[in-house]
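Here is the structure we will look at, set down as structure tokens.
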Amino acid sequence: MVAKKSTRQRRGSPKAAYEPSEVESKWQKEWEKGGLYETSNAPKRKKYILDMFPYPSGDTLHVGHVEGYVGTDILSRFERMRGADVLHPMGWDAFGLPAENYAIKTGINPDQSTHNNIKIFKRQLTNTGMSYDWDHEIDTSSPEFYKWTQWLFILMYKRGLAYKKMADVNWCPSCETVLANEQVVEGKCERCGTEVVQKKLSQWFLKITKYADRLISGLDKIDWLEGVKVQQKNWIGRSEGAQVKFEVENDKAGQFISVFTTRPDTLFGATFMVIPPDSEWVEKLTTKGKKDAVSEYIKLETSRTNKVGEEKGKTGIFTGSFVINPATEEKIPVWIANYVVSGYGSGAVMGVPAHDARDFDFAKKYDLPIKWVIESTRGKANESEAYTGEGKIVNSQEWNGWTTPDSIGKVIEYLEKKGTGKKQVQYHLRDWLISRQRYWGAPIPMVYCPACAKKGLSWFTTSIGSDGAGNSKFEIRNSKTNKKNENLKFKIENSADWSAGWYPVPEDQLPVYLPKDVDFRPTGESPIARSKEFQEGVVCPNCGAKAKREVDTMDTYVDSSWYFIRFTDPKNTSEFASREAIKQWLPVDTYVGGGHVVQHLLFARFFWKVLFDAELLDESAGDEPFLKLRAPGWILGQDSRKMSKRWGNIVTPDDIIPKYGADTLRMYEMFMGPFDAVKPWNLTGVEGMWRFINRVWRLVVENDKVNLVEEKDQQEVVRVQHKTIQSVTKDIEELHFNTAIASLMEFVNLLQDKAQESTDHRLQSMAKKDAIVGRQRPASTRPASICVERASPIAGSQSTVDRIICAEWKDAIKALLLLLAPFAPYITEELWHQTGSESSIHLQPWPEFDPELIQEETVAIPVQVNGKFRGTIEVDQVQGRDQKEVETRARESVPKYLEGKKVNKVIFVPARLINFVVS
RNA sequence: GCCGGGGUGGUGGAAUGGUAGACACGUCAGCCUUAAGAGCUGGUGGAGCAACAGCUCCGUGCAGGUUCGAGUCCUGUCCCCGGCACCA
């Protein structure tokens, strides 16, 4: 196609043609030798610019992944040139299910396949011109890293933030293994297609719910995309309301069922209660006569697979029991129904059919009474559907007339006084289940001692008073003897759930190595359980008896919750990162990556806050880890579909770089559109950028003797140069790479025109006029431009011909290369050296602009009549601010629109616009 | 259903409330060439009038509004993309 070697060679040209592969491999080697991107040990003005590190899968990186990395690379190079000390690291989120599944299929150890993939990824990134400091590389699957992942888990445990409890998990009966939610596709196992069932297993959780409020409030002080913040808030799902107690009727009198409601003001309208099929109340409330029907119903409901996204019809069955509505003091029936989510709130719901759409549907279906207690301020409610809006309370005795939002507070006050309810805050966020019955992850560093378990022993945390500032102080004690455990040197902050017999692995025994003697094929238990070496010599840290290790591994999101801290001090063997390194580099200034809007970004913020509270971070780092977050948009295939093997539309850097070079790839990706927009790949666009890169090459290589004869040309070049510096600088800061490149193109277009004019000038002075006038000059015979008037030879020139060039031109080319350097690091480095410089362009200071030089002498002012554009006038800067002058000139310029009209008003914006309002 | 983000030429996209379409892709015409490619010059939102050089009208999903002036602000509405989804 375009890039065939022969097509690039310009016939008769004495200058070397642009060969990206030669240029790029040459400078890649040079940069590696020179340690160009070494991170400072003592940063003065630090910038931590971070990518979301990739999972090294068997598929190579495609151009979509590269987009974000190019963006941060440009930013990093830019900041370095501006004199910042930049930390720009890369590493590998190496643990995870795909590698393990691949291992199961092929028998190749995940350790091996992962590390092969890492090699490929690293090569691709290097070829693409990324300026990572590989001395800071990390690999989450290396013991040097996961030792600290385990250490952090124990920290959580000690702070009462890790606990073990029974939980429902996705279980594939055929593969006999637990599946992550992502592995359950439409209710079926993604590997074998078997229906996934729920199974109760004892699991480790991290208490992220404790941080719910701070995870919400922290969002206010960071520069993230609004959409991401909103999604996190929704995920946490804080809602305020009331807990209301309903007393059970008849022989169960004295027992209360609590419900959570955001609309206690509708309490008089509660005509029934609903509980989910798995509620503990089902057994207690089902009356004798209903037993068979209820158990049949529950059997039917629990056997139904809850397909994701599919709307279930609401079904239910009456338990036979009643509760008392504390407001009306009337008895209302308790139903079991499938539309109540267990595990949210108290697991029971008051049915207010008049003012809740779901309750309305249910009441209609089972013919339950509907009682209207809220009246819309806009008038009478339409009784064919529930009215869920705000309004005035009616039919509710002394509450009548209260209106939302005040009514809610008033009702809660009323209920509190009566002792039947209280204010309550609910969250959707659940504690984070981190246990995985999988091989390829960090082992959970806990030990189970059957002997201690028998005696009911464990370590637990207990309050030892307060610190005076209202915060409780805790310490760890033996659960039976209540004796303080002196081995544990840390401050405990909260009381932990605990399980008898469980102890953290002592810190000096970390890491708990992932065993190698493991057959990772699934048989129903965690693969590590079958390792012999894993359990060898394990003893109870409390009593010394023979004990067993936890055989589950941690969710890989645990690794990525703190990896960005490790980047600051990746080789530290005595701490997860030194306080000094944390102080120097954190928090992250700019974090770029797509997806993971809730999971990773929420978990990482949670970890950070825990570390902050544990005083393991320097205070200067603050309690939010990522100050600025941006997400690159998806790159779609050329067919506008998502890149996927299925469509065969994947484009990788390896498809582009051999033909066009990494500079073209980088520039094209940045020019496609706004950084965060979804945009389709287009090969002809790549070729366009290839042509631009070549134009830059020729502009510099072929025009080494340009002189700008006319003073106005000199001024124009200087003006545009400074304007370009201004706009490119601003655009990079705001990640508007597409418009930065557009300004660079305009600058190149101007320089090209000027070079040509200079050449024409020379030709005219050399040849007979009639040889040129009226005839196009063939490109192949175009000689290098020349300067005759103002000579300033370049130092160190090898050429036998005098190299003559004027200062303005030289300066402009220099500025162009510097501005282009972060985008196209290879070609700019090559041209920088070709124009006589010795040191790397990437070590040069970023060019400055002079605002005064940007000012044009004259300004074009649009003239409007009644807001319609009718012409422009050209006036100089000073006159352009003078209304009288502009008005006179403007009137002259558009006579036919003003003739015979009355000018009622003149709108004048100095140096910008004039508008005549006429009638 | 709810929450976010968007609808601008043939295409990707530019536009602090002030000349809509920067910059590119594509395309058309011309130069160069045995030819192809590359390169170079010029045109290119639509419609109409006028014929080299000029002019008019219409144009940012749709309908209104605010304003001297709206792609931009406000109200309503339709469509597309992403996320959440029986959370009481």
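The values are calculated or read from the model by the stated rules, or taken from the named source; none is laboratory data. Since the model is a prediction, treat every value here as computed from it, not as a measurement. Please note: Cβ atoms are built from the backbone with ideal geometry, for glycine as well, and neighbour counts cover all protein chains shown. Surface accessibility is based on the protein's heavy atoms, side chains included, excluding ligands, DNA and RNA. Shrake-Rupley method; radii C 1.70, N 1.55, O 1.52, S 1.80 Å.
Among the listed pairs A:Lys245/A:Lys417; A:Lys221/A:Lys628; A:Lys200/A:Lys454; A:Lys47/A:Lys583; A:Lys642/A:Lys679, those with a Cα-Cα distance over 20 Å are A:Lys200/A:Lys454. Extension gain, A:Glu240 to A:Lys571: 0.36 nm times the residue separation minus the Cα-Cα distance gives 114.5 nm.
Annotation: extensible slack from A:Asn395 through A:Leu201 equals 65.0 nm (criterion: 0.36 nm per residue apart, minus Cα-Cα distance).
Binning the alpha carbon pair distances of the range A:680-749 at 5 angstrom intervals from zero yields the distribution 4, 14, 17, 22, 21, 13, 7, 2, 1, expressed in whole percent. With N counted as the residues of the range A:345-450, its alpha-carbon radius of gyration over 2.2 N^0.38 Å works out to 1.69. Ordered by 1.4 Å accessible area with all protein chains kept, A:Met672, A:Met81 run largest first as A:Met672, A:Met81. So, in Å, what gap is there between the alpha-carbon centers of the range A:335-354 and the range A:200-236? Taking the Cα centre of each part, the range A:335-354 and the range A:200-236 sit 25 Å apart.
Positive end of the dipole of the range A:217-282 (Cβ unit charges, origin at the Cα centre): among A:Val230, A:Gln243, A:Ile275, the Cα lying farthest that way belongs to A:Val230. Modelled label positions at A:Ser644 and A:Ala742, each set 7 Å beyond Cα in the direction of Cβ, lie 3.3 nm from each other. Its relative contact order, with pairs defined as Cα atoms under 8 Å and 6+ residues apart, puts the range A:340-407 at 24 percent. Around the Cα centre of the range A:311-420, unit charges on the Cβ atoms of Lys, Arg, Asp and Glu (plus for the first two, minus for the last two) sum to a dipole of about 140 debye. Can you compute log10 of I(q)/I(0) for the range A:837-889 with the Debye formula, treating each Cα as one identical point scatterer, at q = 0.12, 0.25, 0.27, 0.31 Å⁻¹? Listed by q, the Debye log ratios stand at -0.48, -0.99, -1.05, -1.16. Zone of A:Gln112 (label point 7 Å along Cα→Cβ, backbone N under 18 Å): which residues in the range A:503-531? Inside the label zone: A:515-522.
So what's the net charge close to A:Pro173: Lys and Arg +1, Asp and Glu -1, counting the other residues with Cβ under 10 Å from its Cβ?
Details: positive: A:Lys199; negative: A:Glu176, A:Glu195.
After counting each charged neighbour, the total is -1.
Only Cα sites of the range A:315-394 enter the Debye sum here, all with the same form factor; the resulting log10 I(q)/I(0) across q = 0.17 1/Å is -0.75, listed in q order.
Over 30 Å between C-alpha atoms is what I'm after, so list which of A:Lys164/A:Lys455; A:Lys46/A:Lys158; A:Lys712/A:Lys902; A:Lys207/A:Lys291; A:Lys44/A:Lys571; A:Lys165/A:Lys233 land there. Could the numbers behind the result be given before it?
Values: A:Lys164/A:Lys455 18 Å; A:Lys46/A:Lys158 33 Å; A:Lys712/A:Lys902 42 Å; A:Lys207/A:Lys291 38 Å; A:Lys44/A:Lys571 22 Å; A:Lys165/A:Lys233 27 Å.
In this structure, A:Lys46/A:Lys158; A:Lys712/A:Lys902; A:Lys207/A:Lys291 lie more than 30 Å apart at Cα.
Placing unit charges on the Cβ atoms only, positive for Lys and Arg and negative for Asp and Glu, gives the range A:505-663 a dipole magnitude near 740 debye about its Cα centre. Extending 7 Å from Cα along the Cβ direction at A:Ser342 and again at A:Glu385 yields two label points whose distance is 3.2 nm.
Provide the net charge surrounding A:Ala529, with neighbours chosen by a C-beta distance below 14 Å and charges set as Lys +1, Arg +1, Asp -1, Glu -1. List each step's numbers first, then the result.
Numbers: positive: A:Arg436, A:Arg438, A:Arg521, A:Arg530, A:Lys532, A:Lys548, A:Arg549; negative: A:Glu176, A:Asp517, A:Asp519, A:Glu525, A:Glu533, A:Glu536, A:Glu550, A:Asp552.
Residues close to A:Ala529 contribute a combined charge of -1.
Computed with a 1.4 Å probe over protein heavy atoms only, the accessible surface of the range A:195-306 comes to 50 Å² per residue. Charge tally for A:Val274 (other residues, Cβ to Cβ under 10 Å; Lys, Arg +1; Asp, Glu -1): +1. Counted over all Cα-Cα pairs of the range A:53-176, pairs farther apart than 16 Å make up 72 percent. Highest average first, the peptides A:50-61, A:400-411, A:618-629, A:261-272 ordered by how many other beta carbon atoms sit within 10 Å of their residues are A:261-272, A:50-61, A:618-629, A:400-411. The mean sequence distance of close C-alpha pairs (under 8 Å, at least 6 residues apart), as a share of the length of the range A:574-647, puts its relative contact order at 40 percent.
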